[in-house]
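The values are calculated or read from the model by the stated rules, or taken from the named source; none is laboratory data. Just so it is clear, the model here is predicted, and its values are computed rather than measured. Virtual Cβ from ideal backbone geometry, glycine too; neighbours counted across all protein chains shown. Side chains included, ligands, DNA and RNA excluded: accessible areas come from the protein's heavy atoms. Shrake-Rupley method; radii C 1.70, N 1.55, O 1.52, S 1.80 Å.
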Amino acid sequence: MKLRLRWPAGLERGWLWLLRGLSRLFVRPAVVPEDAFERLRGRTQPVLYVFEDPDLSDRLAVEQVCLQGGLRRPDRRLQLDGLQLERSFVALERHAGILRRRPDRRMPPDLARIIAVAAQDPALELDVVPVAVYWGRAPQRERSWLRLVLSEDWALAGPFRRLLSIVFNGRSTLIRFGEPLQLRQYAAPGTDGARGARRLLKDLRAEFRHMRVDTLGPDLSTRRVLVAQVLRTRAVRQAVRQEMRESGIARRAALRVARRHALEIAAGYSHTFVRIAERVLDWLLTRIFDGVDVRNAEYLDRLPPGCTIVYVPCHRSHIDYLLLSFVVYRRGYALPYVAAGINLNLPVIGRLLRMGGAFFIRRSFRGASLYPVVFTKYVDVMMSRGHPVEFFIEGGRSRTGRLLKPRTGLLAMTVRSFLRDPRRPVAYVPANFGYERVLEVPTYVGELSGRPKQKESVGGLMKVLPQLRQQLGRVHVSFGEPLLLAGVLDRLQPGWRTEPHDDAARPEWFSRAIDTVATEIMQRINAAVAVTPINLLAVVLLATPRQALLEGDLERQLALYAELLRAFPYASEVHVTGDSAAAIIQCGEQMGLLERRSHPAGDVLRMVEHNAVLATYYRNNVLHLFALPSLVACAFLNNPVVRHEDVHRLVWRVYPYVREELFLRWSEEELPGVVDGVLDALARYRLLERGADGASWQRPTTGSGEAVRLSLLAQATIQIVERYYLAIALLLHAGSAALTPEALEQSCVTTAQRMAILYGLAAPEFFDRAMFRAFIELLRRRGVISLDAEGRLTFEAPLLAVADDARVVLSEQIRNSILQVTHS
């Protein structure tokens, strides 16, 4: 018989009232996911909260947020048919012992009683909601007494340590509500409920384990232990032996080389530094930006439990490193380990980045046979332990504002790691950054114009600091739909699970799988774009000959583009600014992008030449959204009436190349339906009219406002078509079997630069070598051109058909200009 001592009811209520008051002074908890209150309020069943342990501090923190969110408090009595509990919560663990507290992980009696009653009463419904409270959110790693006191970790906290944690970490407390579990799933009618109770207990413990990993990250080892684990792997040991044979050095010397590589790579995470950096970044970001908007973050909450998250953002600026980590950490998830270029491993800066979770990668693996193996196994160890990882799939910052061709080296490493151990799911989470001003854009334009790239240095960083006083506007961090790796592999190679996947194995479908995953990631990054006022202004004004419009015309074109993006949405994740056209213009003037010229007949708004060049970057951020409407509009630049099938043919002819360049989401099979949707959307805004015969389309009357707006829409992609026609014209002029791919590429760049000078094309990407190279390669892959035995380009009728359709789209003046420069 056990004796239970109970306080008098009045004294207990007074004591709890005092503790609640003290808790409100020190504790400011944040709740994740952000929609937890809405989801729980929308359910009709009674709620039973489940805690990991019965700590009073956890209960008081949850009571505080339940009061704020309008939810039932855990201290309320729970009354069910045939069952009554004094509290609406149970704890999975109890603390046993008097002098030495130890966890008691046996089945909680109240949970067993609830299951037993539910098994006898089929009408009993109850939602079981796991709730975890994290004080400080530090993964266990270091044994410093002070750090252990001040942070939540994987260890069992004593009363004194918990008291100090409340005092020091109360304002950094995170409360995570798990997915409600329906009691009915565990209570089989007509049984005693014992088996169902064990299943529920197992699922609850698994859910708490996943919640803790998502929030804190896996249990950390020191950097030294992690490096030792990498050096003990079979692949590294084999590479060390190979290094001994090739270099003729002793085993100890070869191991020192491997260890030096591992230390050069490895991060040195410090939670103390992360906590300080969070406060500093919060202060800094609020001063250099007007706001940080986070969109589609609910995708993180829907990821499978226990999966390894790989963040794959686009790369616009050096601020990207800090911004995504800050957003993810503030959202309540473990800080990702970021792959950073070795050029950022600067004195002092490199050490700070390591402490924030950065690990470093060389730009090239050439000339070092041991380094690639060590780096690959480091990534493998991080993935197998469940650490979230982040890398920029483009490899470097985009100089044009468009997505670059993906670099698949790190992607292949993550895929191979998953193939070796597929028990832990891998989810690639795309992210898109939308800046209203990027500090590096003037440097990008200079590099595209031929200026050499400046190396990163501490001195260069110091020079950037005064620029932070500029007005940078708002920044948008948008998450795309996650891509589950197992699902892609099941689609491409259904039997992949039964094949051997060791370090030496490389199945024939592996490269195809990597290319497919990379392309889908890029398309999902594009689908998560946020359209800012600066983006819309750049798209509209760069389509005009002198980058100027009357204020009224500019307002109408801005309103048209915003409405068109909503009427014909590129993807559900796309966010279009809700500002009015007048507010967008005001934003452009405040950011220094627009210049107003007053006139009695109406003010004129224009970009100065310098801003027009810079604005191409912001136009290119969202160009893919306008690509198909613009390509359809191109068909009507020189043709007042076009048959329905001809519109489809003209778009189909150029679409594969534009899709490759802009990473458009629609396949060629989906294209006819998408083009029909574009035609209907343009007709809705009276930019096109269906012919009387129903089999053709016609543009508005020349000189009308609608005709002008249709022409401006076409200008968004006309330079892409001109660039394609330039390459084809050069190839046709040289003749079949006359040029190598490299010679044609160089000729395209040189000719495009001359055209930009002669005709004032303010778009540095018009003569970007990489775009010409990608276009020539795609022509080869599609069989339009081919290589002969001597490595020269040959062509036949398909290339002539592409050229003929380009003549339909491009005006005679543009074609003559291109041919004139080409022939000269």
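Scanning region 111-124 for residues that are open to solvent by 40 Å² or more (accessible area, probe 1.4 Å), closer than 21 Å to ARG43 by Cβ and in contact with a Leu (Cβ under 7 Å, 6 or more places away or on another chain) turns up nothing. Please go through region 318-330 and pick out each residue that is of a type in the set (D, E, K, R) and surrounded by 19 or more Cβ atoms within 10 Å (Cβ to Cβ). Hit for region 318-330 is ASP320, nothing else.
The residue that is nearest to HIS575 (Cα to Cα), among those in region 250-291 that are outside any helix (DSSP H, G or I) and small (Gly, Ala, Ser), is GLY291. Just wondering, is there one or more residues in region 481-494 that are open to solvent by 10 Å² or more (accessible area, probe 1.4 Å) and in contact with a Gly (Cβ under 7 Å, 6 or more places away or on another chain)? Within region 481-494, none of the residues are open to solvent by 10 Å² or more (accessible area, probe 1.4 Å) and in contact with a Gly (Cβ under 7 Å, 6 or more places away or on another chain). Among all residues of region 572-581, there is at least one that is over 25 Å from the mean Cα position of the chain (by Cα) and in a helix (DSSP H, G or I). Restricting attention to region 677-692 and to residues that are more than 18 Å from ARG649 (Cβ to Cβ) and not basic (Lys, Arg), the residue that is most open to solvent (accessible area, probe 1.4 Å) turns out to be ALA692. Take the residues of region 360-392 that are closer than 15 Å to ALA340 by Cβ and aliphatic (A, V, I, L, M): which is most open to solvent (accessible area, probe 1.4 Å)? Top of the filtered list is ILE361. Entry remark, region 637-652: residues being under 19 Å from LEU625 (Cα atoms) and open to solvent by 30 Å² or more (accessible area, probe 1.4 Å) number 2 in total.
Set side by side, the residues PHE418, PHE433 differ, and just one is open to solvent by less than 10 Å² (accessible area, probe 1.4 Å), within 26 Å of GLU589 (Cβ to Cβ) and of a type outside the set (D, E, K, R), which is PHE433.
Look through VAL415, VAL438, VAL488 and report the one residue that is in a loop (DSSP other than H, G, I, E, B) and of a type outside the set (Asp, Glu).
VAL438
For PHE365, all conditions in the list (1) of a type in the set (A, V, I, L, M, F, W, C); (2) modelled with pLDDT of 90 or more; (3) under 27 Å from PHE418 (Cα atoms) hold save one; what is the number of the exception? In the conditions (1) of a type in the set (A, V, I, L, M, F, W, C); (2) modelled with pLDDT of 90 or more; (3) under 27 Å from PHE418 (Cα atoms), PHE365 misses (2) alone.
Conditions (1) buried (at least 19 other Cβ atoms within 10 Å of the Cβ); (2) not in a loop (DSSP other than H, G, I, E, B), marked per residue:
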site: GLY306; (1), (2): no, no
site: ARG316; (1), (2): yes, no
site: LEU346; (1), (2): no, no
site: ARG351; (1), (2): no, yes
site: LEU411; (1), (2): yes, yes
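Exactly one residue among VAL294, VAL328 is within 17 Å of VAL32 (Cβ to Cβ), hydrophobic (A, V, I, L, M, F, W, C) and part of a strand (DSSP E or B), and that residue is VAL294. Quick check on region 546-558. Is at least one of its residues under 29 Å from the mean Cα position of the chain (by Cα) and assigned to a helix (DSSP H, G or I)? Looking through region 546-558, at least one residue is under 29 Å from the mean Cα position of the chain (by Cα) and assigned to a helix (DSSP H, G or I).
Scan region 752-766 and give yes if some residue there is buried (at least 16 other Cβ atoms within 10 Å of the Cβ) and either touching an Asp or Glu at 6+ places or on another chain (Cβ under 6 Å) or more than 22 Å from ARG399 (Cβ to Cβ) (or both), otherwise no. There is no residue in region 752-766 that is buried (at least 16 other Cβ atoms within 10 Å of the Cβ) and either touching an Asp or Glu at 6+ places or on another chain (Cβ under 6 Å) or more than 22 Å from ARG399 (Cβ to Cβ) (or both). Can you pull out the residues in region 568-598 that are closer than 29 Å to ARG469 by Cβ, in contact with a Leu (Cβ under 7 Å, 6 or more places away or on another chain) and of a type in the set (A, V, I, L, M)? Answer for region 568-598, where residues must be closer than 29 Å to ARG469 by Cβ, in contact with a Leu (Cβ under 7 Å, 6 or more places away or on another chain) and of a type in the set (A, V, I, L, M): ILE584, ILE585, LEU593, LEU594.
Checking ALA789, ALA774, ALA770 one by one, the residue that is open to solvent by 30 Å² or more (accessible area, probe 1.4 Å), assigned to a helix (DSSP H, G or I), small (Gly, Ala, Ser) and modelled with pLDDT of 85 or more is ALA774 and no other.
When GLU742, GLU722 are checked against the criterion of being closer than 26 Å to GLU447 by Cβ, among the acidic types (Asp, Glu) and surrounded by 15 or more Cβ atoms within 10 Å (Cβ to Cβ), GLU722 stands alone in meeting it.
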